[in-house]
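What follows is one structure encoded as structure tokens, with my remarks underneath.
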Amino acid sequence: MTAEAATAKQPTLEVVDLKTHFFTKGGVVKAVDGVSFSIAPGEVLGLVGESGCGKSMTGFSIIGLIDPPGRIVSGAVRFKGRDLAGLAEEELRMLRGNRISMIFQDPMMTLNPVLRIDTQMIETIQAHRDCSRSVALGLARNGLVQMGISSPERRLRCYPHELSGGMRQRVAIAIAFVNEPDLVIADEPTTALDVTIQAQILHEAQQLCRTKGTAMIWITHDLAVVSSLADRVAVMYAGTLVEQGNARDLIRAPLHPYTKGLLGSVPSANRPGERLTQIPGMTPSLLDPKPGCRFRMRCARAAPECNTSPVISMPVPQREVRCWRPLSADQLV
Amino acid sequence: MTAYLLRRLMQTAVVVMVMSVIVFFGVHVIGDPVWLLVNPQMDQRDIEAAVRALGLDRPIWEQYVYFVRGALQGDLGRSFIFGEPALTVIVQRMPATLELAVAALVMAIVIGIPLGLYAGLKPQHALSKIIMAGSIVGFSLPTFWVGLMLIMVFAVMLGWLPSTGRGPTATYFGITSSAFTLEGLRYLFLPALNLALLKISLVIRLTRAGARESLQQDYIKFARAKGLTHGRIVRVHLLKNILIPVVTVLGLEFGNLIAFSVVTETIFAWPGMGKLLIGAIQTLDRPVIVAHLIIIVLLFVVINLVVDVLYTVLDPRVRVGRQTA
Amino acid sequence: MSLTDSDAKIDAREPATSLAAVETPFSRFVADYFESRIATGALAVLVLIICLALLAPLLAPQNPYNLAEVDVLDSRLPPASVGMAGYTYWLGTDGAGRDLLSAILYGLRISLLVGVASCLIATIIGAVIGLTAAYAGGRVENLLMRLVDLQLSLPAILIALILIAMLGKGVDKVIIALVTVQWAYYARTVRGTALAELNKEYVEAARCLGFSHTRIVFKQILPNCLPPLIVVATIQAAHAIALEATLSFLGVGLPRTEPSLGLLISNGFEYMLSGKYWISFIPGVVLLITIMAINLVGDQLRDVLNPRLKR
């Protein structure tokens with residue numbers, strides 16, 4: 001693993017206290033409220049959380065696709081040292097699809113249904129470098145081959161609706177990787193696909209990252225995906241990061257009560273016949289949230305001190321937790 | 001593709017048949033069928049002779065067969081007023097109407113789409129609000145009144161353009177049209193604008209709605225994530241998706257344009273089919289009315305067919321028989 | 001451009017923990033409607049126009065169709081001129097010396113009456129047909145919908161002209177023509193909504209409870225079909241009024257004894273070239289304002305009642 005060497009180099013991405021708020025008619029929705037993490041070159045970070053926790057918004061904030069009524073309120077998004085949060089739109093455009101790319105969840109909707117696959121791939125290439133159509137076509141073809149797509153020439157001439165769901169997502173991933181970016185943000189790319197295809201695509205994506213040294217943020221709510229794919233994991237809840245660390249260690253011994261609850265609710269983690277553990281209560285609204293730990297209403301370990309917002313601590317090396325009363329490291333799942 | 005075309009042609013034929021039945025029986029049931037074919041001004045004895053000669057004392061379905069036979073040979077009766085075959089009279093005037101309708105269509109596209117696109121892309125801008133307000137006004141304006149106002153302003157007060165009539169024509173590529181002469185264009189401009197006004201408003205609203213809806217789609221966001229320029233996103237991604245419904249509606253509206261030219265032709269004294277129809281209704285020249293209706297229906301179904309085919313060309317999702325999975 | 005991500009939306013709409021004032025759908029609809037100043041203005045104008053039209057005999061200074069009151073020597077006077085009897089014609093007079101203000105008020109009345117009457121009749125016929133088609137299904141539905149498609153594929157003005165050519169002239173014939181032109185829109189709208197409603201579970205529940213067919217249709221499905229129906233009716237009313245005006249202008253609409261705004265405009269046509277524009281212009285403006293007000297109200301209704309538009 002390149003992790004040790006990577007820490008000596010500059011991180012590909014450094015997010016520092018990012019806050020993205022939406023100023024709606026009903027009030028201010030604090031979708032991302034103080035998120036910090038960094039990713040080294042070639043590293044895969046799994047960004048985990050339930051629906052509505054702000055993980056997708058974090059992804060959009062990084063690539064600069066937050067539209068009004070939302071905007072990045074404060075914080076820095078340093079891509080190879082450069083702060084993206086303040087960049088002009090044209091500079092961001094030159095980075096998107098080129099050095100930073102994104103994969104969305106539903107490939108049927110992300111590929112334009114009335115344009116051919118080759119058109120959509122070639123335009124990505126030609127938007128960022130000066131080359132002829134035939135050269136671009138060759139690059140597109142290679143991209144498809146790398147994703148394990150057979151008869152690429154025929155597929156290139158197809159329209160999106162003529163391909164299966166798994167194939168379309170492979171194309172979307174190929175598009176994301178075609179300009180050899182430094183960072184790929186994947187927003188739940190396998191959620192819409194069935195399990196067997198999921199496994200294949202995960203494997204292919206992982207291969208691409210390893211061979212090209214691309215850093216990746218894999219946003220998902222599915223812990224099984226994260227455990228096999230990611231080097232590090234960051235857990236989000238209600239707009240904030242509650243825990244992050246090395247994937248294997250975190251899953252084996254979570255320190256935040258929410259992470260533990262999340263892991264405990266996965267069926268495979270329980271022995272057959274035992275009841276599934278549930279986290280009681282519901283996710284709080286992100287609209288004008290009250291101060292204090294956002295998880296305290298559902299936490300079995302809540303105490304009066306939890307009425308003030310907890311700060312980040314490192315009870316164990318290489319692990320960050322946002323909790324006043326984290327679990328101890330030897331409490332296994 | 002050919003199977004599809006054949007199927008559509010069959011459907012078209014059926015529709016024309018049905019329409020001809022309705023028109024024929026409609027006129028017969030409502031009015032005295034004699035007056036359809038026989039000039040009521042004639043002498044009583046001549047009328048009876050004509051009735052027998054034309055087989056009007058036969059049962060009605062026989063008459064219909066007789067009518068269809070004549071129609072297929074191009075005989076749709078004789079105009080009372082002009083004394084010539086109704087078909088001839090109408091066909092003589094068709095080019096003028098078609099010319100007007102095409103000019104109006106071109107205006108609608110050239111003016112409507114850019115304006116609608118702008119209003120859809122920058123909805124908060126002051127210009128967009130003016131465009132939308134303008135489209136509502138354009139939609140509500142009665143065509144005939146606008147025609148009057150256009151004449152009043154441009155012909156009477158300003159004297160820039162002629163008020164009535166059609167200009168000189170020229171022939172290129174076998175098509176004779178007044179649009180090919182500069183003088184002819186001067187005569188064509190006001191009527192075409194008048195006819196186009198409603199369609200311009202329609203196109204603006206359609207394009208704007210399409211733009212607004214398409215902008216919210218994921219593929220636009222994905223295109224931005226790919227780092228494409230704004231220009232390319234609008235030109236290629238957005239436009240092609242919007243054009244599909246716009247073209248479809250415009251195609252169907254073309255038939256409407258031809259029908260609605262009745263009003264414009266009356267005001268501007270444009271020598272087309274529409275003016276003929278109004279005259280025929282007012283003078284009770286029934287053969288012309290019937291012939292006119294049949295031709296319009298024919299035009300309609302043909303246009304519908306063309307639009308359908310165009311639609312399959314534009315939207316790849318509709319194409320049948322090209323599945324590769 | 002707005003978001004497509006569901007995260008923020010779900011959370012922003014979560015209700016406050018304490019119940020504020022209870023909001024009925026109707027009060028929410030009313031509040032949403034009046035959010036637009038233009039639509040509110042349009043509604044006000046529309047109400048004003050309707051009042052003017054209904055009260056025309058009381059408001060008009062002169063009954064323009066009572067020959068005793070009309071002085072032909074006053075004809076073709078421009079607006080705000082004083083006539084022979086010392087009476088001020090605020091909007092001028094037409095070719096026969098009729099006070100244009102009064103003529104417009106009466107004409108407005110007739111235009112609105114014919115337009116609204118045809119609209120209402122068409123609504124009832126179209127709704128019944130649409131409901132029948134949706135509820136009966138099968139071949140009945142197919143047949144009815146083919147008819148609707150056929151009707152809708154032909155231009156309104158053509159159908160109207162055909163009918164008048166066949167039936168002759170007269171107020172009732174014009175109304176028949178207008179109704180024939182419109183019913184298909186209502187039928188299609190109602191059928192679409194009714195079909196969607198029929199698939200919903202409350203209908204199945206009603207059937208299980210043994211409700212009669214008529215009860216299900218009228219008490220449960222019909223109320224849900226009303227919102228889109230209202231929107232279509234508003235817009236069609238504007239079309240009907242415009243169409244009637246066009247027909248009258250062409251001389252194939254209402255007879256001279258019931259002069260609508262279209263006829264007034266037509267009367268003024270001959271004076272256009274000699275510069276006496278007001279005879280056609282002013283009735284036209286009134287017609288335009290009426291149609292525009294109806295269209296604006298219909299537009300806002302459609303926006304407010306449409307669940308698919310993200311606002």
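Would a scan of the stretch A:197-216 turn up a residue that is crowded, with 19+ Cβ neighbours inside 10 Å, assigned to a loop (DSSP other than H, G, I, E, B) and over 16 Å from the mean Cα position of the chain (by Cα)?
Scanning the stretch A:197-216, I find no residue that is crowded, with 19+ Cβ neighbours inside 10 Å, assigned to a loop (DSSP other than H, G, I, E, B) and over 16 Å from the mean Cα position of the chain (by Cα), so the answer is no.
Does B:Ile267 satisfy being touching a residue at least 24 places away in the same chain (Cβ under 8 Å) and within 12 Å of another protein chain (Cβ to nearest Cβ)?
Spelling it out, B:Ile267 is indeed touching a residue at least 24 places away in the same chain (Cβ under 8 Å) and within 12 Å of another protein chain (Cβ to nearest Cβ).
Could you tell me whether A:Ile66 is more than 9 Å from chain B (Cβ to nearest Cβ), surrounded by 14 or more Cβ atoms within 10 Å (Cβ to Cβ) and out of contact with any strand residue (DSSP E or B) (no Cβ under 8 Å at 6 or more places or on another chain)?
no
Being within 27 Å of B:Ala291 (Cα to Cα), in a helix (DSSP H, G or I), hydroxyl-bearing (Ser, Thr, Tyr) and in contact (Cβ under 8 Å) with a residue 12 or more places away in the chain narrows it down to one residue among C:Thr189, C:Thr180; which is it?
Only one candidate passes the filter, namely C:Thr180.
State the number of residues belonging to the stretch A:277-295 that are within 14 Å of chain C (Cβ to nearest Cβ) and either of a type in the set (Ser, Thr, Tyr) or touching a Gly at 6+ places or on another chain (Cβ under 8 Å) (or both).
Counting residues in the stretch A:277-295 that are within 14 Å of chain C (Cβ to nearest Cβ) and either of a type in the set (Ser, Thr, Tyr) or touching a Gly at 6+ places or on another chain (Cβ under 8 Å) (or both) gives 7.
Here is a yes/no grid of residues against (1) over 30 Å from A:Leu115 (Cα atoms); (2) modelled with pLDDT under 80; (3) not acidic (Asp, Glu):
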{"site": "B:Glu265", "(1), (2), (3)": "yes, no, no"}
{"site": "B:Ala291", "(1), (2), (3)": "yes, yes, yes"}
{"site": "B:Ile294", "(1), (2), (3)": "yes, yes, yes"}
{"site": "B:Val297", "(1), (2), (3)": "yes, yes, yes"}
{"site": "B:Leu305", "(1), (2), (3)": "no, yes, yes"}
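Among the residues of the stretch A:81-104, write down those that are more than 15 Å from A:Ile185 (Cα to Cα), among the basic types (Lys, Arg) and surrounded by fewer than 20 Cβ atoms within 10 Å (Cβ to Cβ).
Hit for the stretch A:81-104 is A:Arg82, nothing else.
Across the stretch C:275-300, which residue is surrounded by the fewest Cβ atoms within 10 Å (Cβ to Cβ) among those that are among the small types (Gly, Ala, Ser) and within 9 Å of chain B (Cβ to nearest Cβ)?
Per the stated criteria, the residue is C:Gly275.
Conditions (1) within 14 Å of chain B (Cβ to nearest Cβ); (2) outside any loop (DSSP other than H, G, I, E, B); (3) touching a residue at least 24 places away in the same chain (Cβ under 8 Å), marked per residue:
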| position | (1), (2), (3) |
| --- | --- |
| A:Asn98 | yes, no, yes |
| A:Thr119 | yes, yes, no |
| A:Leu137 | no, yes, no |
| A:Ala186 | yes, yes, yes |
| A:Pro189 | yes, no, yes |
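Here is a list of conditions, (1) within 13 Å of chain C (Cβ to nearest Cβ); (2) buried (at least 22 other Cβ atoms within 10 Å of the Cβ), and B:Thr283 meets all of them except one; can you say which number that is?
(2)
Hey, any hits in the stretch C:147-155 for a residue that's assigned to a loop (DSSP other than H, G, I, E, B), more than 13 Å from C:Ile221 (Cα to Cα) and among the aliphatic types (A, V, I, L, M)?
yes
For B:Leu228, which of the numbered conditions (1) free of Cβ contacts under 8 Å to residues at least 40 places away in the same chain; (2) part of a helix (DSSP H, G or I); (3) within 11 Å of another protein chain (Cβ to nearest Cβ) fails to hold?
(2)
Where the second residue is part of a helix (DSSP H, G or I) and of a type in the set (Ser, Thr, Tyr) and the first is away from chain C (no Cβ under 14 Å) and touching a residue at least 40 places away in the same chain (Cβ under 8 Å) and lies in the stretch B:1-21, which pairs have Cβ atoms under 8 Å and are six or more apart or on separate chains?
B:Met1/B:Thr312; B:Tyr4/B:Thr312
Within the bounds of the stretch B:303-314, is there any residue that is part of a helix (DSSP H, G or I), closer than 18 Å to C:Ala160 by Cβ and either within 14 Å of chain A (Cβ to nearest Cβ) or out of contact with any Lys or Arg (no Cβ under 8 Å at 6 or more places or on another chain) (or both)?
No, there is no match, as no residue in the stretch B:303-314 is part of a helix (DSSP H, G or I), closer than 18 Å to C:Ala160 by Cβ and either within 14 Å of chain A (Cβ to nearest Cβ) or out of contact with any Lys or Arg (no Cβ under 8 Å at 6 or more places or on another chain) (or both).
Taking the condition of being in contact with a Ser or Thr (Cβ under 8 Å, 6 or more places away or on another chain), within 8 Å of another protein chain (Cβ to nearest Cβ) and closer than 30 Å to A:Ile125 by Cα, how many residues in the stretch B:238-260 meet it?
Counting residues in the stretch B:238-260 that are in contact with a Ser or Thr (Cβ under 8 Å, 6 or more places away or on another chain), within 8 Å of another protein chain (Cβ to nearest Cβ) and closer than 30 Å to A:Ile125 by Cα gives 1.
The values are calculated or read from the model by the stated rules, or taken from the named source; none is laboratory data. For clarity, every value in this text was computed on a predicted model and none was experimentally measured. Positions of Cβ are backbone-derived with ideal geometry, glycine not excepted, and every protein chain shown enters the neighbour counts.
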